[in-house]
1. Among the GluC sites (Glu not before Pro) within the range 146-236, which fall in a DSSP loop and have no more than 14 other Cβ atoms within 10 Å of their own Cβ?
2. Could you give the dipole magnitude of the range 197-255 about its Cα centre, charging the beta-carbon of Lys and Arg +1 and that of Asp and Glu -1, in debye to the nearest 20?
3. Under 5 Å between amide hydrogens, which residues at least 5 positions from Tyr159 or on another chain qualify, with H placed 1.01 Å from N in the peptide plane?
4. Which residue, Gln163, His126, Gln89, has the largest displacement toward the positive end of the dipole of the range 77-168 when charges sit on each Cβ (Lys, Arg +1; Asp, Glu -1)?
5. Cross-link list Lys51/Lys157; Lys210/Lys236; Lys242/Lys288; Lys118/Lys149; Lys40/Lys83; Lys207/Lys265: which exceed 20 angstrom alpha carbon to alpha carbon?
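What follows is calculated from the coordinates using simple rules that are stated; it is not laboratory data. Here the structure is a predicted model, which means the values were calculated and not measured. In this analysis, Cβ positions are derived from the backbone assuming ideal geometry, glycine residues included, and neighbour counts consider all displayed protein chains.
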Amino acid sequence: MDSQAQNKKKTYACLFAGCTSVFNRPYRLAQHQLVHIDVKPFACNQPNCTKVYTNKSHLDRHINSVHKESVNDFLYCCPKCMKKYANRQNLKRHIKVSHTSNKKHFLCDMCKLYFKKKHQLRSHMHVHNGIKPFRCLLCEKDFVTLYDKKKHMKNHKTYECDQCNMKFNRWSALITHKKIVHRSREYICDDCGKVFKERSHIIRHIKKHKPNALKSIYFCPYENCHRHYSRNSNLKQHIRVKHEGQTFDCSICQAKLSTKAKLKKHIEQHSRPELMLRIQKTLETGRKKRKDENIFKTSSALKLAGIICKDIEEVTIPPSENAVVKC
């Protein structure tokens with residue numbers, strides 16, 4: 001059947017102003033009209049994918065080409081330029097646009113100009129009929145080109161604050177709003193100026209500045225272990241790691257970390273191959289024991305003040321006594 005006979009069968013014309021599309025089936029016309037009213041009922045249900053389509057076949061093609069992995073990684077190859085495509089429809093479109101004798105298929109009946117894309121012809125028709133073919137359905141403004149319409153639609157997109165439900169038409173405005181309105185409160189110590197983000201933390205810190213405040217000291221209950229801490233949580237962590245042997249092991253390099261936070265930070269370094277991963281050594285993995293362990297160290301303040309402790313090398317602190325060394 002020749003092309004003229006096929007065109008005669010296309011009796012269902014689009015009545016939208018400036019559109020010259022005709023179809024041979026009423027359902028095709030109804031499906032085409034969804035484009036003019038900007039309705040796309042077929043949405044992709046894959047996580048983090050916001051693609052929507054007017055046609056179910058287009059949605060199926062999107063899912064098969066983007067979200068489904070081919071067993072044989074089969075690609076459709078153009079026989080003329082050897083370009084590869086994920087599906088047959090994309091290859092067909094490529095051949096129609098790039099390798100046909102007349103690359104511009106859409107003809108203006110008034111001035112006989114050809115256009116490569118249909119929306120370009122619709123924009124061109126504004127010269128002859130003065131009708132702006134692209135309409136915003138939210139504010140009913142008309143535009144000459146599809147690009148102008150898409151640019152305008154960005155003004156209708158809103159960004160909602162997840163803390164107060166206020167809406168903004170620009171992402172930068174939302175970020176500025178969060179920084180000014182929802183900035184995390186800071187608690188500043190009046191005595192030393194130290195900043196805390198949690199109220200309970202600054203309450204615990206202020207107790208250190210009280211002259212007669214009772215300070216709790218938590219000693220390690222294990223024999224021959226003289227470690228002590230100002231917080232019970234630190235003592236519990238010391239017992240778990242040093243005495244009970246509980247560590248957080250890296251599944252990649254088998255490194256042993258003392259806390260879950262350190263393990264998380266350690267694993268993040270594996271995802272950055274450009275950085276050299278430094279694994280901390282322990283006494284069990286080859287770290288040398290400190291030569292100056294249990295030896296009194298002179299502070300930098302005493303050195304700057306010119307106060308020198310005599311025979312400092314001979315003074316040691318027994319591990320079982322709270323010795324006080326005077327200069």
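1. Listed in order of number, the matching sites are Glu186, Glu198, Glu223.
2. Values: 12 positive and 4 negative charges, 112 e Å.
Magnitude of the dipole: close to 540 debye.
3. Distant-sequence amide H within range of Tyr159: Phe168, Asn169, Arg170.
4. Gln89
5. Numbers: Lys51/Lys157 16 Å; Lys210/Lys236 26 Å; Lys242/Lys288 18 Å; Lys118/Lys149 15 Å; Lys40/Lys83 30 Å; Lys207/Lys265 32 Å.
Among Lys51/Lys157; Lys210/Lys236; Lys242/Lys288; Lys118/Lys149; Lys40/Lys83; Lys207/Lys265, the Cα-Cα distance tops 20 Å for Lys210/Lys236; Lys40/Lys83; Lys207/Lys265.
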